[in-house]
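The values are calculated or read from the model by the stated rules, or taken from the named source; none is laboratory data. Small disclaimer: the values here were computed from a predicted structure and weren't measured. With ideal geometry, Cβ positions are generated from the backbone for all residues, glycine too; neighbour counts draw on all protein chains shown. Accessible surface is based on the protein model in full, side chains and every heavy atom, while ligands, DNA and RNA are left aside. Shrake-Rupley method; radii C 1.70, N 1.55, O 1.52, S 1.80 Å.
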Amino acid sequence: QLFKEAVAKQRAADRRRQREIAERRIQELELREKQKQDLIREKAATVRKLRKIEEKKQNEAAKKIQKFWRGRRERKWIRTMLEKRKVARKRELEQQQLSRREAAARKIQTKLRSKLQRRRYLLARERDRLRAAHLP
């Protein structure tokens with residue numbers, strides 16, 4: 001009996017030890033995996049930064065080249081486009097003013113119409129009252 005209990009205790013202790021070892025191993029593996037992922041993320045971020053820097057350099061070079069090659073024709077085209085924009089903006093502002101005026105006129109018209117309707121209603125009521133008063 002004592003031997004059986006001792007064996008059972010020993011087995012339980014072994015199982016506990018095995019579980020602890022397994023848990024430690026799992027934690028180590030998870031930590032390694034996390035470190036790998038962090039490293040991958042860092043590398044990706046570095047690559048992105050480098051690519052961004054390279055793109056910036058290329059953009060600057062392209063801008064310099066464009067600036068160098070931009071001639072009279074392009075300037076003239078830019079001027080005409082700016083002029084067109086200016087004219088379009090002016091036309092748009094005029095249109096906005098016109099629509100504002102139209103809106104104001106509509107507002108006044110509706111106000112007057114409602115006043116007129118109110119007056120008609122009051123006159124009709126007064127007329128009906130007087131008729132009713134004078135009827136035998």
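There is at least one residue in the stretch 71-84 that is basic (Lys, Arg) and modelled with pLDDT of 95 or more.
Cβ separations smaller than 7 Å between residues 6+ apart or across chains give no pair from the stretch 1-24 residues that are of a type outside the set (Phe, Trp, Tyr) to residues that are surrounded by 10 or more Cβ atoms within 10 Å (Cβ to Cβ). Checking ARG131, ARG85 one by one, the residue that is among the basic types (Lys, Arg) and loosely packed, with under 10 Cβ neighbours inside 10 Å is ARG131 and no other. Among all residues of the stretch 53-75, there is at least one that is at negative phi, out of contact with any Leu (no Cβ under 9 Å at 6 or more places or on another chain) and outside any helix (DSSP H, G or I). A single member of LYS36, LYS64 is open to solvent by 100 Å² or more (accessible area, probe 1.4 Å) and at pLDDT below 95, and it is LYS64.
Across the stretch 98-127, the number of residues qualifying as open to solvent by less than 90 Å² (accessible area, probe 1.4 Å) and under 37 Å from the mean Cα position of the chain (by Cα) comes to 4.
Take the conditions at pLDDT 95 or above and either exposed (fewer than 10 other Cβ atoms within 10 Å of the Cβ) or assigned to a helix (DSSP H, G or I) (or both) and apply them to ALA22. Does it pass? Criteria met by ALA22.
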